[in-house]
Amino acid sequence: MEMRKIGLIGGMSFESSAVYYRMINEAVRERLGGLRSAEVLLHSVDFQKIVDLQKAGRWDDAALRLSNVARGLTAGGADCVLICTNTMHLIADQVQASVDVPLINIIDETARRLRAEGCRRPLLLATRYTMEHGFYAERMRAHGIDLAVPDAEGRVLTHNVIFDELCAGKVLHSSRAALIALIEKAKTDGADAVILGCTEICLILDPAKLPLPGFDSTAIHAEAAVDFALGCEMVSSAA
């Protein structure tokens with residue numbers, strides 16, 4: 001069969017981009033057998049430049065940069081585009097508007113999986129930008145999902161674990177225990193699931209071994225890309 005070509009905007013961080021590449025190719029091999037692998041174009045950006053824009057609140061500049069990357073991927077033949085990070089979905093609509101192929105949105109795909117499992121009140125563990133800027137919660141609400149986030153101290157903890165440790169390739173047992181404690185508290189407060197809402201969190205938390213049902217946004221996003229590439233379903237572009 002002829003596969004559609006997947007375009008990945010990666011490097012944010014390269015730790016999670018490597019996970020995307022492995023998951024996508026493992027899924028294609030599992031579904032098609034033999035030595036089959038995915039048709040993938042990956043543009044890996046310099047993450048420090050993106051982080052500097054995030055810290056400065058220069059989201060329009062970030063959108064322009066990622067839109068240029070997306071156009072480059074489509075010029076190279078990509079049939080869809082994925083932004084391989086939750087945080088930069090803050091500017092996903094701008095990136096989608098810059099290309100004529102679908103942008104497979106990690107928030108939409110995660111929301112669909114939550115709904116399919118009957119979960120409506122998940123805890124979101126993510127970067128401070130994702131937890132506090134409102135774009136993630138707003139898009140989830142459109143799917144009937146009401147997000148919970150950790151308290152201010154918990155948000156700082158989660159953000160720091162992501163940027164200071166996971167993005168640098170460090171996985172600490174103490175940080176795993178601290179994140180699991182946040183999930184335990186959310187369960188007590190009425191959460192019915194937990195979203196691993198940063199593409200690096202799967203490096204430290206196993207969604208199958210948590211106090212609440214875990215939804216790994218990285219795995220969900222990668223699976224959606226494979227579904228699209230193999231024509232299993234048509235993924236609609238971001239609304």
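The values are calculated or read from the model by the stated rules, or taken from the named source; none is laboratory data. These numbers come from a predicted model, not from an experiment. So basically every Cβ, Gly included, is an ideal-geometry build from the backbone, and we count neighbours across all protein chains shown. For accessibility, only protein heavy atoms count, side chains too; no ligands or nucleic acids. Shrake-Rupley method; radii C 1.70, N 1.55, O 1.52, S 1.80 Å.
Using a 1.4 Å probe on the protein heavy atoms, what percent of the accessible area of the chain belongs to carbon and sulfur?
49 percent
In nm, give the distance between the simple-model label positions of Ala168 and Lys209, each being 7 Å from the Cα along the Cα-to-Cβ direction.
About 2.4 nm separates the two model spin labels.
If you find the alpha carbon centre of the stretch 1-57 and of the stretch 90-149, how far apart are they in angstrom?
Computed from Cα coordinates, the inter-centre distance equals 19 Å.
Please provide three numbers in whole Å: the alpha-carbon extents of the stretch 116-239 along the principal axes, with the largest listed first.
Per principal axis, max minus min of the Cα coordinates gives 42, 31, 27 Å.
Can you run the Rg to Rh ratio on the stretch 1-45? Use alpha carbon positions and the Kirkwood inverse-distance Rh.
Ratio of gyration radius to Kirkwood radius: 1.01.
Heavy atoms only, probe 1.4 angstrom, no DNA, RNA or ligands counted: give me Thr188, Thr85 ranked by accessible area, highest first.
Heavy-atom accessible area, descending, gives Thr188, Thr85.
So which DSSP H runs in the chain come out at 20 Å plus along the axis (Cα) with average Kyte-Doolittle of at least 1.0?
none
Based solely on its DSSP helices, what 222 nm [θ] is calculated for the chain when runs of n ≥ 4 H residues each add -39,500 (n - 2.57) and the sum is averaged over all residues, nearest 500 deg cm²/dmol?
Taking each H run of at least 4 residues, the total per residue is -14500 deg cm²/dmol.
If we restrict to alpha carbons, what Rg and Dmax does the stretch 94-178 come to, in Å?
In Å, with Rg to one decimal and Dmax whole: 14.9, 45.
Under a plain spin-label model, where a point goes 7 Å from the Cα along Cα-to-Cβ, how far apart in nm are Asp189 and Asn160?
With each label placed 7 Å out from Cα toward Cβ, I get 1.9 nm.
Can you give the Rg to Rh ratio of the stretch 1-126, both from alpha-carbon atoms, with Rh computed by the Kirkwood formula?
A ratio of 0.99.
Lys49 versus Asp100, label points 7 Å from Cα toward the beta carbon: distance in nm?
About 2.7 nm, to one decimal.
About the Cα centre of the chain, what is the dipole size in debye to 20, counting +1 per Lys and Arg Cβ and -1 per Asp and Glu Cβ, all else neutral?
100 debye
Compute the FRET efficiency between Glu117 and Ala18 as 1/(1 + (r/R0)^6), taking r as their Cβ-Cβ distance and R0 = 25 Å, and round to the nearest 0.05.
Efficiency computed from Cβ-Cβ geometry: 0.35.
Excluding ligands and nucleic acids, what accessible area in Å² is computed for Val156 using a 1.4 Å probe, to the nearest 10?
Accessible area, nearest 10 Å²: 80 Å².
Given a 1.4 Å probe and heavy atoms of the protein chains only, how would you sort Arg155, Arg71, largest accessible area at the top? It would help to have the intermediate numbers written out before the result.
Numbers: Arg155 50, Arg71 100 Å².
Final ranking, largest accessible area leading: Arg71, Arg155.
Over the residues of the chain, compute the C-alpha Rg and express it relative to 2.2 N^0.38 Å.
Details: Rg = 16.9 Å, N = 239, 2.2 N^0.38 = 17.6 Å.
Cα Rg divided by the expected 2.2 N^0.38 Å: 0.96.
Hey, could you grab the Kirkwood Rh for the stretch 70-125? Inverse mean 1/r over distinct alpha carbon pairs, Å, one decimal.
On the way: mean 1/r = 0.0796 Å⁻¹.
Its Kirkwood hydrodynamic radius stands at 12.6 Å.
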